[in-house]
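Enquirer: If you scroll down you'll find the structure; I have some questions about it.
The values are calculated or read from the model by the stated rules, or taken from the named source; none is laboratory data. Source: prediction; values computed, not measured. Here the Cβ positions follow ideal geometry from the backbone for every residue, glycine too, while neighbour counts run over all protein chains shown. The area values use the complete protein model at the heavy-atom level, side chains included, leaving out ligands, DNA and RNA. Shrake-Rupley method; radii C 1.70, N 1.55, O 1.52, S 1.80 Å.
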Amino acid sequence: MPVVTDTVSVTVVSPSSTRADALSTVLFIAGSEEGARLVDTYDDTAAYFITTSGEIRTSSRWDELTSAS
């Protein structure tokens, strides 16, 4: 049975590609709100969500970990 969440896309940034791959699936299923809370438990990982309504949501460290500086 398919899972229904508010997420249509999720991007994960992490120094571990294995972690990013696993988390992208988990975060997609969890949805943007719960997924952002979950990814915030990792100090070196962040996520970017696009919701079904077109809203962009990010985890708390997205800007810090994806800045070009």
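Enquirer: Hey, got a sec? Which GluC sites (Glu not before Pro) in the chain land in a DSSP loop and have at most 10 other Cβ atoms within 10 Å? Spell out each step's value before the answer.
Expert: Numbers: sites: 33, 34, 55, 64; in loops: 55.
Passing sites in the chain are 55.
Enquirer: Helix 17-30 versus the longest principal axis of the chain: what is the Cα-based angle in degrees, 0 to 90, to the nearest 10?
Expert: 40 degrees
Enquirer: Packing-wise, with mean Cβ within 10 Å as the measure, how do 42-49, 16-23 rank, highest first? Provide the component values of the computation, followed by the final result.
Expert: Numbers: 42-49: 19.0, 16-23: 13.4.
My ranking of the peptides, most packed first, is 42-49, 16-23.
Enquirer: Amide H of residue 6: which non-local residues (sequence gap of 5 or more, or other chain) have their own amide H closer than 5 Å, using H built in the peptide plane?
Expert: 32
Enquirer: To continue, here is another question. How large is the helix-only mean residue ellipticity at 222 nm for the chain, computed as the sum of -39500 (n - 2.57) over DSSP H runs with n ≥ 4, divided by its residue count, in deg cm²/dmol to the nearest 500? Please list the in-between numbers first.
Expert: Working: 3 runs with 27 residues, N = 69.
Calculated from helices alone, the mean residue ellipticity at 222 nm is -11000 deg cm²/dmol.
Enquirer: Still on this model: With Kirkwood radius over Cα pairs in Å defined as stated, name the option among (1) 11.9; (2) 13.6; (3) 12.9 computed from the structure displayed.
Expert: Step by step, Kirkwood radius over Cα pairs in Å for this structure corresponds to label (1).
Enquirer: Compute the signed sum of charges (Lys and Arg +1, Asp and Glu -1) over the other residues within less than 15 Å, Cβ to Cβ, of residue 13.
Expert: Values: positive: 19, 57, 61; negative: 21, 40, 43, 44, 63, 64.
Every neighbour counted, the sum reads -3.
Enquirer: Along the charge dipole of the chain, Cβ charges K/R +1 and D/E -1, which of 67, 35, 5 sits furthest on the positive end?
Expert: 5
Enquirer: Over segment 1-68, with the other protein chains present, what is the accessible area per residue in square angstrom, probe 1.4 angstrom?
Expert: Counting only protein heavy atoms, the per-residue value for segment 1-68 is 62 Å².
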